[in-house]
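Have a look at the structure below, then the notes.
Bear in mind these aren't lab numbers, they're just calculated from the coordinates by the rules spelled out. Owing to the predicted nature of the structure, the values given are computational and were not obtained by experimental measurement. Cβ placement follows ideal geometry from the backbone for every residue including glycine, while neighbour counts extend to all protein chains displayed.
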Amino acid sequence: MTGGPDGALLMGPRGAPGSGAHAASFPACRERARLANLLAVTALPRKLLAIAACLVLAGCSSSPAPGPLTAPPPLPPRVVSGAPDTAGVSVGSPNALYRFRFKQTEPGGDFNFRDRDLTFYFRPTPTALYFRIENLQGRPVWINWDNSRFLDVNGRTGKVAHSTTRWSDRYSLQAQTQVPGQQQYSDYVFPMDDLTDPGSTGGEDQQPHRPLIPEDQSAPMYTGRSFGVDLEFLVEDRPRTYTFRFQVASVIPR
């Protein structure tokens, strides 16, 4: 401790009150620290927002744009109109869930039969049973529809419907069909009980009916089941019945 020019006492560097640069620098340091903390706190949300924006942009750029929604293919109808030609390789509706394979069990053969008077060719489908007849003789023969019968896959036997049969014909006589000598005749058959009421949508010009075999999810349960037709002909004015049976050999998903 020394004396000042005016007699005041001056304390050394280690004095309590002190004087000079050290004593004056303490408030300034504290102020600078407070400002630095304030700036750091203020900048923090901005950094977080910037990071969040980068993440969002990165997520948007890496996610593929959703493609257009495609509707599943329509299921085959539970009621068909008539029996469109199925001369193609695939048997069944184009949008069917399953492929069908059939075999002829009675009489044995590859979907054909022949005797001295007639030749038969068959094509079973889930919609109807197609056939073609050739009259081998020089005289006409007649198909007697009213005395013919159809055996469906559920074991029921009933009257036969063919290409000209309509809902209004269920309880009336069907005209016989003539097959002239040395000529062919093509048609299709299905159970008459499968005809449905056309109502006000189609009138008598259409032939709505249930298919022989459903082509929906229930189709596999019909594997191994049999169906067929007993066709009565008048040959030389004598009735003659031809019996044909077929089996659903396999039902395979498409």
Long-range amide H partners of residue 111 with built H, under 5 Å: 104
Cut-off under 5 Å, modelled amide H: who pairs with residue 233 long-range: 144, 240, 241, 242
For 98, 222, order by how many other beta-carbon atoms lie within 10 Å, fewest first: 222, 98
Ranked packing of 134-146, 109-121, most packed first, by mean Cβ within 10 Å: 134-146, 109-121
Gain in span if fully extended, residue 238 to residue 95, counting 0.36 nm per residue against the direct Cα distance: 47.0 nm
